[in-house]
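Input: a single structure, listed below in structure tokens.
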Amino acid sequence: MNILFFLTPKEEVAFIFDDFTLRQVLEKMEHNRYSAVPVIKKTGEYVGTLTEGDLLWGIKNKYSLDLKKAENVPISDMPRHADNRPVHIATDIDDLVAKSLDQNFVPVVDDRGIFIGIVTRKNIIKYYYDKARGLQETRSSAAS
């Protein structure tokens, strides 16, 4: 199965650019109610994943929780604890599922490393749930 079946395209993903300020990121994450967002360059390459925890500890350790200073802090200065590792668009479904076990979403990149979207763990689970439910209904119908 092609992973594009599960893809949420970039146009529908709340992401941030690596030159956003801390304030811009906080506002975007608050507005979308996300706890983690993909970070990409203006040229489209995937950089990594920024989490609420990254922001919290970065603000605490680097800026003494002064949000006024955050207006001038580029998000590229914010250390990230762990990145959601991207998969290539041609990745097989087994690798995608394995990666989704450790990540809420899996970033997807093309041949040039350009971010094209994400696959959410929710979409994968829903697909397999629906598939298993369909098999169970088929078996129930056959037994009747």
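All of the numbers you see were taken from the coordinates with simple rules; none came from a lab. Please read these numbers as outputs of a predicted model, since none were measured by experiment. Cβ: placed from backbone, ideal geometry, glycine included. Neighbour counts: every protein chain shown.
Give me the net charge of LYS99's neighbourhood, meaning all other residues with Cβ under 13 Å from the Cβ of LYS99; Lys, Arg count +1, Asp, Glu -1. Working shown, then result.
Details: positive: ARG85, ARG121; negative: ASP83, ASP92, ASP94, ASP95, ASP102.
Here the count lands on -3.
If only the Cβ of Lys and Arg carry +1 and only the Cβ of Asp and Glu carry -1, the dipole of the chain around its Cα centre is close to 320 debye. Globularity index of the range 23-98 is 1.27 (Cα radius of gyration / 2.2 N^0.38 Å, N = number of residues). Close amide H pairs (under 5 Å, H built 1.01 Å from N) link GLU45 with PHE115, residues at least 5 positions away or on another chain. Largest first, the extents of the alpha carbon coordinates of the chain on the three principal axes equal 68, 32, 23 Å. Counting only residues at least eight positions apart within a chain, or on another chain, the lysines with an alpha carbon under 19 Å from that of LYS122 are LYS10, LYS99, LYS131.
Cβ-to-Cβ counts within 10 Å put LYS99, LYS122, LYS10, LYS60 in ascending order as LYS60, LYS122, LYS10, LYS99, the fewest first.
Of the residues GLN24, THR138, PRO86, the one whose Cα sits farthest towards the positive end of the charge dipole of the chain is THR138 (charges of +1 on Lys and Arg Cβ, -1 on Asp and Glu Cβ, taken about the Cα centre).
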